[in-house]
1. With contacts defined as alpha carbon pairs under 8 Å and 6 or more residues apart, what's the relative contact order of the range 92-156 in percent?
2. Within 15 Å, Cβ to Cβ, of HIS92, how many net charges do the neighbouring residues add up to if Lys/Arg are +1 and Asp/Glu are -1?
3. First measure r as the distance between the Cβ atoms of SER157 and VAL104, then evaluate 1/(1 + (r/R0)^6) with R0 = 30 Å and state the FRET efficiency to the nearest 0.05.
4. Tally Lys and Arg at +1 and Asp and Glu at -1 over the other residues with C-beta under 14 Å from the C-beta of ASP135: what net charge comes out?
5. What length, rounded to one decimal in nm, is gained on full extension from ASP130 through to LEU45, with 0.36 nm per residue of separation minus their alpha-carbon distance?
6. For the range 104-192, what relative contact order do you get, as a whole percent, if you take Cα pairs closer than 8 Å and at least 6 residues apart?
7. For the pair THR177/GLN95, report the inter-label distance in nm, with labels modelled 7 Å from Cα in the Cβ direction.
8. If packing is taken as the average count of other Cβ atoms within 10 Å, what order do 90-101, 149-160 fall into, highest mean first?
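Rule-based calculations on the coordinates, nothing more; no lab input. None of these values were measured; they are calculated from a predicted model. Because the Cβ atoms are built from the backbone with ideal geometry, glycine has one as well, and the counts that use them run over all protein chains shown.
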Amino acid sequence: MIDTDLADRARRHRPRPRPIPGTALGGPRFEATASVPSLHDRPVLRRSIATAMSLCALCTAATIVWGLVAMAQGRGPLESDRDRAQRLAGLHPSQHPGKERYYVPLDAVFRRAADGSSTAYLHYGVRGDDADLDDFLGTYGLPAPGPVAPLPSDLASALPGDEPEQAATVAESDGTTRRIYVVPGDVGAAAADVYVSASG
């Protein structure tokens, strides 16, 4: 004979199944892990996922490198005041292509005014065994110096050192805004100091 009271108590205390999140009560029950295949049992899938992640990492790295290179090329090299002064005076190496060598100024001052205009002052020391005034003038396509004239006060005050009071002037016929003065040097007949003032 079955004890009905005992059976009723057992039914009342039987644990009810908990509904799985995302499923309706009374609907089909799915375990969460049943919808995702196990990677341990599928080596082909595991290798495919690893390959895809590696390709994504390589594409990301390549994109970053390409961006950095593009930014560097677009910006270009930083230009110094010496370069700006030479360019304003028309004596920058890039403005005279095809020459075997160029002269580097001993002193260079570049100033920019509030109205946007610029002024440059340069001092070249032309002396040495293979450097002379004729070579300097030929490198930059300048004529021979002419009459003597006083150096402008702004040039003498802008450049450091002992600038002379007057020097031979290089006359240019193209209406340029630069002025060039040549002072014979004390080392050999071909040595000289060249002073340049330019505005623009």
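1. RCO, the range 92-156: 26 percent.
2. Net charge around HIS92: +3.
3. My answer for the efficiency is 0.85.
4. Computed value for this residue: -2.
5. Additional length available on full extension: 23.3 nm.
6. 28
7. Computed distance between label sites THR177 and GLN95 equals 1.1 nm.
8. 149-160, 90-101
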